[in-house]
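*Asks:* Below: one structure in structure tokens.
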Amino acid sequence: MTITIYGIKSCSTMKKAFTKLDELGVSYDFHDYKKQGIDKESVERWVNELGIDKVLNKRGTTWRKLTDEQKQAADSDVDKAIDLLVENTSMIKRPIVEGKIADKNQGQDILLCGYNEVEFDTKLE
């Protein structure tokens with residue numbers, strides 16, 4: 001399995017992540033939410049492993065544009081939050097990096113959310 005990086009191409013955080021992956025010599029596939037969307041199973045997997053608070057970006061304009069009822073529903077019901085993330089991919093914290101590097105980390109699965117240079121160095125080096 002290879003690494004897949006999920007996000008939006010024009011995002012400045014994504015650009016940092018692409019640069020870092022290139023520096024580390026990690027080959028990856030890019031999945032663009034804007035063009036390809038995302039399936040519910042992937043979002044559920046990320047939320048189950050990382051938690052909704054890590055995956056759901058409440059700092060962006062998409063979250064702020066939601067109605068109070070939508071925000072309240074997302075805060076009180078993880079399944080509703082997941083549905084909102086599938087419908088509004090801009091609310092998924094970027095990047096999500098998922099996969100396995102055969103010759104690194106003893107072949108362990110990798111799942112990272114958000115760009116943290118130290119974490120990238122540690123998990124992907």
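The values are calculated or read from the model by the stated rules, or taken from the named source; none is laboratory data. Keep in mind that what you see is a predicted model, and the values were worked out from it rather than measured. All Cβ positions, glycine included, derive from the backbone under ideal geometry; neighbour counts span all protein chains shown. Remember, those area values only see protein heavy atoms, side chains included, never the ligands or the DNA or RNA. Shrake-Rupley method; radii C 1.70, N 1.55, O 1.52, S 1.80 Å.
*Asks:* Being of a type in the set (A, V, I, L, M) and either within 12 Å of residue 94 (Cα to Cα) or open to solvent by 80 Å² or more (accessible area, probe 1.4 Å) (or both) is the filter here, so list the residues in the range 12-23 that pass it.
*Replies:* 14, 17, listed by residue number.
Per-residue answers, yes or no, for (1) closer than 22 Å to residue 122 by Cα; (2) open to solvent by less than 50 Å² (accessible area, probe 1.4 Å):
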| site | (1), (2) |
| --- | --- |
| 5 | yes, yes |
| 25 | yes, no |
| 56 | no, yes |
| 76 | no, no |
| 83 | no, no |
| 96 | yes, yes |
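*Asks:* Looking at the range 30-53, which of the residues that are more than 16 Å from residue 80 (Cα to Cα) and open to solvent by 80 Å² or more (accessible area, probe 1.4 Å) is modelled with the lowest pLDDT?
*Replies:* Among those residues, the one meeting the criterion is 34.
*Asks:* Also, I was wondering about something else. Would you confirm whether or not the range 7-27 contains a residue that is within 15 Å of residue 82 (Cβ to Cβ) and in contact with a strand residue (DSSP E or B) (Cβ under 8 Å, 6 or more places away or on another chain)?
*Replies:* No, there is no match, as no residue in the range 7-27 is within 15 Å of residue 82 (Cβ to Cβ) and in contact with a strand residue (DSSP E or B) (Cβ under 8 Å, 6 or more places away or on another chain).
*Asks:* Right, something else. Do we have residue 26 as assigned to a loop (DSSP other than H, G, I, E, B) and either without any contact (Cβ under 8 Å) to a residue 12 or more places away in the chain or β-branched (Val, Ile, Thr) (or both) here?
*Replies:* yes
*Asks:* When you go through (1) open to solvent by 70 Å² or more (accessible area, probe 1.4 Å); (2) part of a strand (DSSP E or B) one by one for residue 110, which number turns out not to apply?
*Replies:* Among (1) open to solvent by 70 Å² or more (accessible area, probe 1.4 Å); (2) part of a strand (DSSP E or B), the lone unmet condition for residue 110 is (1).
*Asks:* Residues being of a type in the set (Val, Ile, Thr) and at pLDDT 95 or above: count how many of those fall in the range 14-28.
*Replies:* Residues that pass the stated criteria total 1.
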